[in-house]
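Reading through the structure tokens given below for one structure.
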Amino acid sequence: QIKADGLPEPLREYRFAESLGRDWRADFAWPMHSLLFEVDGGTWTHGRHNRGAGTEEDQVKQAAAALMGYRVLRAGPTLIRSGHAVWWIGHILGRSPKVTVEASLPSPNELGACRRAALKQHRRDSR
């Protein structure tokens, strides 16, 4: 989606906290824009991002990134597939159409529909 929308190619698995002695990596990064993007996978399968220790580690990692001056966006498969996450990235990079932030956020009904579609896909994939 990033290429299709004409956004600059991100760095993948970007190490951003070596100066803190940490081996933290952002899934995608645009260092020139101080932007990190984290994909929260396993939303419907109780993956690492949804369990106690994983959630707390992610919170510390995100706080460290923010304290270092990075903006951190996070999204799971639902918001990525719907295109909302790419719009948010484009907005921060100054490459999105003139759409209000409110219009870029999924409505509760739209988010529910996206969730149902993602859950249906997960069930199909699990067979």
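Remarks
- Taken over the range 10-62, the criterion of being in contact with a Gly (Cβ under 7 Å, 6 or more places away or on another chain) and either buried (at least 18 other Cβ atoms within 10 Å of the Cβ) or at pLDDT 95 or above (or both) is satisfied by Ser34, Asp40, Thr43.
- Scanning the range 95-110 for residues that are more than 19 Å from Glu38 (Cα to Cα) and modelled with pLDDT of 70 or more, we see that the one that is farthest from the chain's Cα centre (by Cα) is Asn109.
- Residues located in the range 7-38, provided they are within 15 Å of Ile92 (Cβ to Cβ), of a type outside the set (S, T, N, Q) and part of a loop (DSSP other than H, G, I, E, B): Leu7, Pro8, Pro10
- The residue pairs whose first member lies in the range 91-119 and is open to solvent by less than 40 Å² (accessible area, probe 1.4 Å), whose second member is part of a helix (DSSP H, G or I) and at pLDDT below 75, and whose beta carbons are closer than 7 Å, counting only pairs six or more residues apart or on different chains, are Pro106/Cys114.
The values are calculated or read from the model by the stated rules, or taken from the named source; none is laboratory data. This is a predicted model, so every value here is computed, not measured. Every residue, glycine among them, receives a Cβ derived from its backbone with ideal geometry; neighbour counts consider all protein chains shown. Please note that ligands, DNA and RNA were not included when accessible areas were found on the heavy atoms of the full protein model with its side chains. Shrake-Rupley method; radii C 1.70, N 1.55, O 1.52, S 1.80 Å.
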